[in-house]
Amino acid sequence: MIITLIFMLAVMITIGRWLYLNDLTTKSWAVEGIENMPRAEIKLPKSKLGLFVFITVITGLFSLLISAYYMRMGFGDWAALPDPPILWLNTAIIILSSAAFQWAQISARQLNMRRARIGLSLAGLFAVLFLAGQLLAWRQMTELGYFAASNPANAFFYLITALHGLHLIGGLFAWARTGGKLLRGNDTSKIRASLDMCTVYWHFLLLVWVALFSLLLAT
Amino acid sequence: MVDIGNTDIDALPVAEVEEADLYHAKSWITKYVFSQDAKVIAIQYSGTAIAIGLVGLVLSWMMRIQLGFPEVFSFISPEAYYQFITMHGMIMVIYLLTALFLGGFGNYLIPLMVGARDMVFPYINMLSYWIYLLAVLILVSTFFIPGGPTGAGWTLYPPQAILEGTPGSDLGIILMLVSLALFIVGFTMGGLNYVVTVLQGRTRGMTMMRLPLTIWGIFTATVLALFAFPALFVGAIMMLLDQVLGTSFFMPAIVSFGEHLEYGGGSPILFQHLFWFFGHPEVYIVALPAFGIVSDLISAHSRRNIFGYRMMVWAIVAIGAISFVVWAHHMYVSGMHPAFGFFFATTTLIIAIPTALKVYNWVLTIWRGNIHFTIPMLFSLGFIVTFLNGGITGLFLGNVVVDVPLSDTMFVVAHFHMVMGVAPLMVVFGAIYHWFPLMSGRMLHVGLGKVHFWITFLGAYSIFLPLHYIGLLGVPRRYFELNVGGTPADFIPASVGQLNAFVTVITLLVGVAQIIFFINLFWSLRYGKKSEKNPWNATSLEWQTPDMPPGHGNWGPELPPVYRWAYAYSVPGFATDFIPQNVAPSTMPGLENIEDG
């Protein structure tokens, strides 16, 4: 559980620091009035703050999974997997997906909606390709006889990739909604906000994937 | 710590979307069924939680009947008994208390108390409720499937949870795990709302340190839940795979019914770590909202500011933080390294410090207060006493040497029912009596309320004090039957049977007596005395809405400005004994005389 505890410590330090920097020491019974009140500001739109909280929660989820991974490794019957080469290809694809989102986001900020549309389409395409690649990796593994039930290392491989994939599928719903806004030609500020959120989430899932893939490579 | 995405490449500032207009329901269905109004969602959450809680109550009767009058009712087989135990625990802890405090009170009170019109993400809030309802329905459905619900105990420990021989080890446990996973998904959606609304939805002048303690409790509990529930989620998914795909995350090599199973190498202890990493914070997920609410009730009903507000806030935050490093005190008998036992015993005793501080502050708030023995106050006092009792036995059990002999006895059952069952329920009842006028515009009947309080309070003690005693005698928990061939086992005195029968009778009576509460609830809804505005003369914002009950959007054209903290009771030099948070100092004579402290 060390990894989870380190993560929790980081979360607590962040929260504690925020509380301390703001007004946790105010003598609220002595201070009246409304002017110059230290209202603890978080300079983020609500939706983006919501996304960051969500991302932190998912980070917690994956850190628990990694903790469990290391604990289960210690029980002796662990037989490490070969690292299927296709995972390198998939990693490249998910990097491209993230890059395409970044490009779309930058284009939208420069109010170039045509390029934003291309970027968004590419990002979605690469994301779907990544998922297909993961499925292919699964098939290769089962064809080689690495079934989920035959070793905990295999079971963790399927579990980790599946959970990551599910989060990406969830992201694709947000992607579709953003795409809808772009196609309908909504208010640009709304489109930009949606793109911002998706880009952050995509980069996050890329980071999670890199962490998980390194874990698979290292063990 | 999550700084991704805030790149500096943009020439334009970050796109800030204007706050979407409040969602207005267009039809009856979107107003009352698929509602996005936090107040309606709160009532849906509460109604569902209380309904499933009543199922949990009936299950406890079944268990008590078996313990009090063994071999009298043939329909309670050993299998059924274990199913009752399991479902009772799971329902009460997760589907009733967690959902009621956070989904129910959280949804109702957060927007009103921080001065917002609604939660920040109303649509996600609505989804949260419907996923919760789905989780509850799946849970209930396990009563009707072949094999019945799981009988693995509420902790669902592997390997027995998924092995043949345990009731419901097939479909029962699968649906249980699916239901839990759904609950967690639904809760996370709600939790995002509660956290972001408290952080970003506060009205002008409402600083964090002016929030009522109710909000601090619910806010901190939500943060805990957001980080604790994923542990249960991971555990549930892994066990699901063990059961369905035959993986061996938690399953060691096992011979079952003479047959060598396919499993091997896994560790049940791994599940225990995941489960209790969730399970202990869960205690505080239930307790912290109760702490917060009871602070506000005590302050309002003894007309005195809460004693040591800052410390109360710090204590809530400290308890929240420490609650993540005490989990293995549930595992002293799992054979873990004694050094770990020492560590977790120490943290367990440390967490008692901020908790005790809160108890002192409640008592000091009442001290020399102008105490009104209203029903909410009675329940609050009941809570303090009960929580203290339950907390003290917690100190016993937190020590390894005391816990080892007491582990798996009725003493543990008595301890956690006092601290986590009776105490939070006292707050739930107190809170309902307190906020019912706000929700309905009518008062609950006082006489019926008093009868309800005294029966519940004295009844709870008649039930759980004897259980402490028989636990000390060594009566084990989870046993279907203490008799061996008709006579009690050697190590159990014969009088235990009589005490058990007494406890069972009281349990049935107290359970039935809750009808008084429901009669009061439904009768008062129609015929109760009309409540004036702000009937308790409370200071916090939820009582200051233009309409009572508050309408859609809570506030009039403008959000209320906040000028002071939520505990301006009995301020010297002022005509009334309370000053609402949103009353400007300039508009009320005498207010300029407020002195510090």
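The values are calculated or read from the model by the stated rules, or taken from the named source; none is laboratory data. Bear in mind the structure is a predicted one, so any value in this text is a computation, not a measurement. We place every Cβ from the backbone using ideal geometry, glycine too, and count neighbours over all the protein chains shown.
Details
- Residue B:528 being under 30 Å from the mean Cα position of the chain (by Cα) and among the small types (Gly, Ala, Ser): yes
- Residues in region B:468-525 that are under 29 Å from residue B:397 (Cβ atoms), over 29 Å from the mean Cα position of the chain (by Cα) and of a type outside the set (A, V, I, L, M): B:474, B:481, B:483, B:488, B:490, B:491, B:493, B:495, B:497, B:498.
- Residue A:65 under 18 Å from residue A:214 (Cα atoms), within 8 Å of chain B (Cβ to nearest Cβ) and not charged (D, E, K, R): yes
- Selection status of residue B:331, at pLDDT below 95, farther than 21 Å from residue B:228 by Cα and not hydroxyl-bearing (Ser, Thr, Tyr): no
- The residues on offer are A:81, A:96, and the sole one that is over 30 Å from residue B:198 (Cα atoms) and not in a loop (DSSP other than H, G, I, E, B) is A:96.
- If you go through region B:537-574 and keep only what is buried (at least 23 other Cβ atoms within 10 Å of the Cβ), hydroxyl-bearing (Ser, Thr, Tyr) and at positive phi, you end up with nothing.
- Scanning region A:138-172 for residues that are of a type in the set (A, V, I, L, M) and in contact (Cβ under 8 Å) with a residue 40 or more places away in the chain turns up A:141, A:144, A:153, A:159, A:160, A:163, A:168, A:172.
- The set of residues from region B:472-508 being in contact (Cβ under 8 Å) with a residue 60 or more places away in the chain, of a type in the set (A, V, I, L, M, F, W, C) and not in a helix (DSSP H, G or I) comprises B:475, B:480, B:482.
- Checked against (1) surrounded by fewer than 24 Cβ atoms within 10 Å (Cβ to Cβ); (2) under 24 Å from residue B:278 (Cβ atoms); (3) β-branched (Val, Ile, Thr), residue B:196 passes all but a single condition, namely (1).
- Leading residue by the ranking (surrounded by the fewest Cβ atoms within 10 Å (Cβ to Cβ)) among those in region A:93-125 that are farther than 18 Å from residue A:206 by Cα and more than 13 Å from chain B (Cβ to nearest Cβ): A:114
- Residue, farthest from residue B:306 (Cα to Cα), within region B:203-217, restricted to residues that are surrounded by fewer than 24 Cβ atoms within 10 Å (Cβ to Cβ) and at the interface with chain A (Cβ under 7 Å from one of its Cβ atoms): B:204
- Assessment of region B:527-544 against the conditions (more than 26 Å from residue B:62 (Cβ to Cβ), in contact with a helix residue (DSSP H, G or I) (Cβ under 8 Å, 6 or more places away or on another chain), part of a helix (DSSP H, G or I) and within 14 Å of another protein chain (Cβ to nearest Cβ)) yields at least one matching residue.
- Lone qualifier among B:240, B:245, B:232, B:261 - being facing another protein chain (nearest Cβ under 9 Å) and among the aliphatic types (A, V, I, L, M): B:245
- Filtering region B:250-307 to residues that are in a helix (DSSP H, G or I) and in contact with a Pro (Cβ under 7 Å, 6 or more places away or on another chain) leaves B:268, B:271, B:286, B:287, B:290, B:296, B:297, B:301.
- In this entry, residue B:516 passes the filter for residues that are hydrophobic (A, V, I, L, M, F, W, C), more than 14 Å from chain A (Cβ to nearest Cβ), more than 30 Å from residue B:476 (Cβ to Cβ) and surrounded by 15 or more Cβ atoms within 10 Å (Cβ to Cβ).
- Boolean, residue A:48 is within 27 Å of residue B:209 (Cβ to Cβ), more than 7 Å from chain B (Cβ to nearest Cβ) and assigned to a loop (DSSP other than H, G, I, E, B): no
- In region B:505-512, the condition of being in contact with a strand residue (DSSP E or B) (Cβ under 7 Å, 6 or more places away or on another chain) and more than 14 Å from residue B:453 (Cα to Cα) is met by no residue.
- Unmet requirement for residue B:191, which otherwise passes all of (1) at the interface with chain A (Cβ under 10 Å from one of its Cβ atoms); (2) outside any loop (DSSP other than H, G, I, E, B); (3) surrounded by fewer than 24 Cβ atoms within 10 Å (Cβ to Cβ): (3)
- In this structure, residue B:379 does not satisfy being more than 14 Å from every other protein chain (Cβ to nearest Cβ), part of a helix (DSSP H, G or I) and without any contact (Cβ under 8 Å) to a residue 60 or more places away in the chain.
- Meets criteria (outside any loop (DSSP other than H, G, I, E, B), facing chain B (nearest Cβ under 8 Å) and farther than 22 Å from residue A:148 by Cβ) for residue A:24: no
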